[in-house]
Amino acid sequence: MTPFQFNFIIFFVFTSLTLRGQSPQCDLKRNEDGIKVFTCKTEDEKFKSLRAEFELENTTIKELKDFLWNVPNYTTWQYNMIESELVSIKGDNELTYRAIIDAPWPVENRELVIGIRMGNEADITNIFIHSTTSEKPPPDDVIRVPLFDGLWTVTKVGTTLKVTYSLRIDPGGTVPAWLVNIAMAEGPHISFRELKKQILKQKH
């Protein structure tokens, strides 16, 4: 695998594939900076799914929501994201955004059109993330990601938020599945490490 192939593929397993719980077929791939990243086998899809776990100390749900609702800031912490813009907002707990992911030549850049919805149940907050449609076509030489289905499960324990993030994705185009599945840890680790740093920095 060449360096550009590796760097491109690891984005698509960032940011951040929906898993609804713990799976015995998940393998720990990265455990650094208080962030665990797992890859998990799927029965009916060619790409593996992803699960990440980390904690945000002395952080409220409102602070996390305000951070995630700041779409223009995404390019400062989400791995390889070079454009991010708010498309629409619905009420207090739903929005849609569009983003462009940089991919080294000769691989085409990817476009995300993503809906986010937040729901609360007692001390648990779920943030659903899913690819959605857009009447506006992607830019020339950019491939729109056809499947991006994620879930943040955030549990409040005292002053700490315990986060489990799960994702399933199909990046579209001709990216080989084995390349995606080989490099699933680096991108999520970098993104969530930067998220933790920025939330902490905002407190000082």
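Note: relative contact order over the stretch 61-171, using C-alpha pairs below 8 Å and six or more positions apart, is 17 percent. For residue 203 and residue 27, a Förster radius of 30 Å and the Cβ-Cβ distance give a FRET efficiency of 0.30, rounded to the nearest 0.05.
Computed from label points 7 Å out along Cα-Cβ, the spacing between residue 43 and residue 135 is 4.1 nm.
Between residue 142 and residue 75, full extension at 0.36 nm per residue minus the direct alpha carbon distance yields a gain of 22.4 nm.
Rounded to the nearest Hz, the phi-derived 3J(HN,Hα) couplings of the stretch 67-78 under the Karplus curve 6.51 cos²θ - 1.76 cosθ + 1.60 (θ = phi - 60°) are 5, 6, 7, 8, 4, x, 7, 4, 5, 8, 9, 7, where x marks glycine and proline.
Between residue 66 and residue 82, what length in nm is gained on full extension when 0.36 nm per residue of separation is reduced by their alpha carbon distance? All intermediate terms of the calculation are to be shown ahead of the outcome.
On the way: separation 16, 0.36 × 16 = 5.76 nm, distance 2.07 nm.
So the extension gain works out to 3.7 nm.
With 29 Å as the limit, write out which pairs from 41/136; 29/201; 48/162 have Cα-Cα distances beyond it, or answer none. Too far apart for the 29 Å limit: 41/136. Model label points for residue 157 and residue 90, set 7 angstrom from Cα along the Cα-to-Cβ axis, are 3.4 nm apart.
Along the stretch 27-33 the Karplus relation, 6.51 cos²θ - 1.76 cosθ + 1.60 evaluated at θ = phi - 60°, assigns HN-Hα couplings of 10, 6, 10, 8, 9, 9, 6 Hz to successive residues, with x for each Gly and Pro.
Since every read-out is calculated from the coordinates, none of them should be taken as a lab result. The shown structure was predicted, so the numbers you read here are calculated from the model rather than taken from an experiment. Backbone-built Cβ (ideal geometry, glycine too); neighbour counts: all protein chains shown.
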